[in-house]
1. So if each residue of separation counts as 0.36 nm, and I subtract the Cα-Cα distance between residue 64 and residue 83, what length gain in nm does that give?
2. Work out how much length residue 221 to residue 250 would gain on full extension: take 0.36 nm times their residue separation and subtract the Cα-Cα distance, in nm to one decimal.
3. Need the full-extension length gain, residue 351 to residue 532, defined as separation in residues times 0.36 nm minus the C-alpha distance. One decimal, nm.
4. Could I have the simple spin-label model distance between residue 325 and residue 40, label points 7 Å from Cα toward Cβ, reported in nm to one decimal?
5. Compute the distance in nm between two label points, each set 7 Å from the Cα along the Cα-to-Cβ direction, one at residue 637 and one at residue 90.
6. Sequence-distant or interchain residues sharing an amide H contact under 5 Å with residue 186, placed H: which?
7. For residue 121, which sequence-distant residues (separation of 5 or more, or a different chain) have an amide H within less than 5 Å of its own amide H, given hydrogens modelled in the peptide plane?
8. Read phi for every residue in region 579-587 and hand back ³J(HN,Hα) as whole Hz from Karplus 6.51 cos²θ - 1.76 cosθ + 1.60, θ = phi - 60°, with x for Gly and Pro.
Amino acid sequence: MTTGKHIGKVLVKVRDEGDVRGVGPKRLFPALPRFNCDLTKSYVIIGGLGGVGLELADWLILRDARKLVLVSRSGVKTGYQTQKIRLWRSYGVEIEISTRNVTTKQGCLDLIREATELGSIDAIFNLAVVLKDALLEDQTEETFRLSLAPKARTTTYLDQITREICPHLRYFVIFSSVSCGRGNAGQTNYGMANSIMERICDRRKRDGFPALAIQWGTIGDVGLVAKMQKENKELVIGGTLQQKISNCLEVLDRFLKQDNPIVASMLVAEKRNRGHGATSAVEAVANVLGIKDIKTVSQHATLAEMGMDSMMGTEIIQLLENEFEIYVTTKDVRSLSFAKLTEIESEKKKVDEEKSLNKTQQGTNLLIQFIPDKQADRRPIVRLSCEGQGNEGQTVLLFPGIEGVFTLLDGFVKSLHARVLGVQYSYQEPEISIEEIAKTSLPHIEENISKDEALTLIGYSFGVSVSLEVLSLLENKGYSGKVISIDGSPTYLRSSMLNFVPGETEAEFQTNLVYKILAVLIPMDLMAPYREKFLMCSDLDERCDLALTLIPSEVVNRQKLDKQALVALHNRSKATLNYEFCHEKIRSKAYLFKAKYPIVNEDEDYHLSMVFEHSVQVATVDGDHVTILKQSELIKDINKLIACVDDI
């Protein structure tokens, strides 16, 4: 056979034939179970149009799911969501988008019935979340209620309903968080919501029903953390690093095929020991060199003289850079001494303290800017100085923020190519609603404009709500124009105010508002004993009087803080919370310039689409709520819109 000369078949006898019962057992191979969906059954994902929800839906489709119900409060709002749904349907997948209110029992019941029409429900995933983060002292009954609703309440109703009408349910999965199992500052309500869901899963498992709660660590590429992250850097949250959604789906496969009701997936952050327990750069370097007591060596001797070799030098350079943010070159490290290193560390500490002080001062100055100024020009309409000085320029109505004047907008205004009319709000008799501000301003506005000219309304922050109310009134009188919103909308401002100044009662709201102002002027430990006194005050006037007595006379800008300024700030804050746009949708075109780093996270268009007939054009500009005004790209784009008369 080896020479290739053999012709014909070759038979190999392994053994003689025998009784089949004599055959040994099959050899088993180690394997991992794999989750697969049923083509005929339906799968429900609450929060299915969020970042994680879309990825989960895609994963289920890859595992043969062909009937999906995606639940979302707001429905399809982005082009990416539309694209994904269109792609899935091209695969032959039935996709139902449900906007039912699943925080009610009837809403959950209707959802289950809707999903059952597609097919028997095989799995339910609850990914819904509402974040209302705040320190415990700032949490209210309302923030707990809002955070618990989509998680605890929805899961409770789903548990009750599925026990009765979903006998073939295989998977009941809720997405929890490490903020429940390990805790995270400022998320007491969120942790409680997750904990309630986990206890429901415990009970379901004991009663023989399917249940799985997964405590996820932070997910970096999609979802809430990805949406809120301000810089593309590695964040450590609650001692965990961000994990990729692909890794989460990989472990989800294993979680779904095991029996424990509560599991966790997280990427634990590396514990840094800062140079083997060293508290200073000098101690850390001494540890690398093996010096136990730095007093036994000369402080002015170089590291090379103390026995540092090239490997130690590389380790010291990396240690100083990574742990202490002290940067030295390979050449300089050889001539470095403990005395020189002490000097460098002291200088760096001094610079860091100055930066911290400057940052605190900036925060103080920022808040002071938003307090109404009694010394400002109080005319209802003022002609603002800008580059487009002549009457031939396009007319712009500019509405300031909650401060009511244009101090904060001065640099922004000077760069506009237009005839800019500034609308200022009353100081001595501040209105208590957005509607009142608009009605008071309207006669003065009409005196300075005509129906024949191109009109542009620009609102910043609080001024966005005023501009919308004014534009609605102007449209009813035959005027036409366009509106430009700079980082603001009624819902965005309301959410920001609730986040900034929480309060169940009027007394709590007024006290918290005054506290926010005093917090940048007076140390918190000096203010703490006065909180009960503020709550016991009978009205706002009494609280303002008490606040002014606490401010030291030497505080910068003290002359700006009088009772009337605090009253005006309070009235406009309440107006922000109470305002609802209740008119017909505005026909004019709308443009929104939103800050890259928002105060709170809202929908893409800040819900402005609810106010306008046409879609709102949205652009994101670098900066936060204040620094957005200084961005050259914002000025450039707004000047283009002002000059474009065809958009009116």
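Every number in this text was worked out from the coordinates using simple rules, so none of it is lab data. Everything numeric in this text was worked out from a predicted model, so none of it was measured. Positions of Cβ are backbone-derived with ideal geometry, glycine not excepted, and every protein chain shown enters the neighbour counts.
1. Once the chain is fully extended between residue 64 and residue 83, it gains 4.9 nm.
2. This chain segment gains 8.9 nm when fully extended.
3. Working: separation 181, 0.36 × 181 = 65.16 nm, distance 3.88 nm.
Fully extending the segment from residue 351 to residue 532 adds 61.3 nm.
4. 6.3 nm
5. 3.0 nm
6. Long-range HN contacts for residue 186: 136.
7. 42
8. Per-residue couplings from phi come out as 7, 9, 6, 10, 9, 5, 4, 6, 7 Hz.
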